[in-house]
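Working notes, structure below.
The values are calculated or read from the model by the stated rules, or taken from the named source; none is laboratory data. Keep in mind that what you see is a predicted model, and the values were worked out from it rather than measured. FYI the Cβ positions are ideal-geometry reconstructions off the backbone, even for glycines, and counts take in every protein chain you see.
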Amino acid sequence: MSDSKFKKLSVEKVELDITNPRIAKFIEMYGGDITAEQMGLALGAGETPTDGNSTTFYSLRESIRTNGGIIHPIIVNKQADGRCVVIEGNTRALIYREFVKQKVEGQWDTIPCMVYDGLSQKDIDAIRLQAHLVGPRDWDPYSKAKYLDHLRNAKHLTMDQIVDFCGGRKREVLDYIAAYNDMEEFYRPLVTDDQFDQSRFSAFVELQRARVKQAVINHKFTCVDFSKWVMDGLISPLNMVRQLPRILDNPKSRAVFLKAGAQEAMKLLEVPAVVDSLKGVTLEDLARELSRRVLGMAYSELQRLRANVASDENAVLCEARDNLAQVCKDIAADE
């Protein structure tokens, strides 16, 4: 990769990157004549503040306004014909343009850039992956998966190259690509473009677990059936996908699930004696005991769990991990 140079470029002369995965889906819907308004929508200009930790267009815009500019320069590729195309930083460039248009107080006509000359497509892919798959402002999971699928099946990068670029794990990359393909093949035909909900992608990632997909098949359901369950809200929250093997294996819970959803079905599978004995225990005490048990786990016990990775016991442990991670994230979130 060639050396970059720091420059301040006219924000109007910097071109937004229409191959950005969040923009590409709009081009697929509306064609190549995407407008500035549609570009802003694709980059998240229509988002509203959330209670989570993710950076929305709104919060980023207010941060830039308050600080009088961006902290990290955007990355630009200067092409042979002299055009300067944004490789990383489309949202920040769009915010600068918006401030110019709205005559917001400050210096918004030029934007700090790290400029490369004639980057190869391989180098562009490496920058995108580092910035958005492991960087501070992630693409949403569906957009990540779309781009990974593009690199694997259109650009024909090897799996080792993709993993090296993004610093992830091979299994995770494979699951994302498989989930993207399942969602496109089985879920997309069931809904209109306006109804297509990218946030349901995580359900299709969970579907890639061998025990989950095998349970669906064993009970003579299909990926189309699974997509309908997701579409109809029978699997809510989406991490309940992990409980499908237990739900489908029990005829009574399976019948309840198909009518009322996973949460109602799971009520039939709870163990009353255990649940009742723990009702009076505080979360703090439960957490302390869980930590004590995990830290004191014998190596032989770990080996036993490893011997059957797809077991219900391991699924429950992973579910507890994810739920604890989410509540810790919610606790630390800014108001």
- Message: Which condition from (1) within 27 Å of the chain's Cα centre (by Cα); (2) aliphatic (A, V, I, L, M); (3) not in a loop (DSSP other than H, G, I, E, B) is the one that Leu248 breaks?
- Response: (1)
- Query: Taking region 188-199, which residues are over 19 Å from Leu148 (Cα atoms), in contact (Cβ under 8 Å) with a residue 24 or more places away in the chain and surrounded by 14 or more Cβ atoms within 10 Å (Cβ to Cβ)?
  - Reply: Leu190
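Do we have any residue at all in region 301-319 that's farther than 24 Å from Ala210 by Cβ and of a type outside the set (D, E, K, R)? Spell out how you get there, then give the answer.
The initial filter retains those residues of region 301-319 that are farther than 24 Å from Ala210 by Cβ, namely none.
No, region 301-319 contains no residue that is farther than 24 Å from Ala210 by Cβ and of a type outside the set (D, E, K, R).
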- Task: Please give the number of the condition Ala179 fails out of (1) hydrophobic (A, V, I, L, M, F, W, C); (2) under 21 Å from Leu258 (Cα atoms); (3) modelled with pLDDT of 95 or more.
- Result: (2)
- Of the residues in region 294-326, those that are of a type in the set (D, E, K, R) and either under 26 Å from Glu284 (Cβ atoms) or free of Cβ contacts under 8 Å to residues at least 40 places away in the same chain (or both) come to Glu301, Arg304, Arg306, Glu313, Glu319, Arg321, Asp322
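Of the residues Gly106, Gly168, Gly135, which single one is over 12 Å from Ile87 (Cα atoms), modelled with pLDDT of 85 or more and not in a helix (DSSP H, G or I)?
So the residue among Gly106, Gly168, Gly135 that is over 12 Å from Ile87 (Cα atoms), modelled with pLDDT of 85 or more and not in a helix (DSSP H, G or I) is Gly106.
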- Query: Restricting to helices (runs of 4 or more DSSP H) lying wholly in region 192-242: which have 1 or more residues that are among the basic types (Lys, Arg) and under 16 Å from Tyr180 (Cβ atoms)?
  - Reply: 210-218
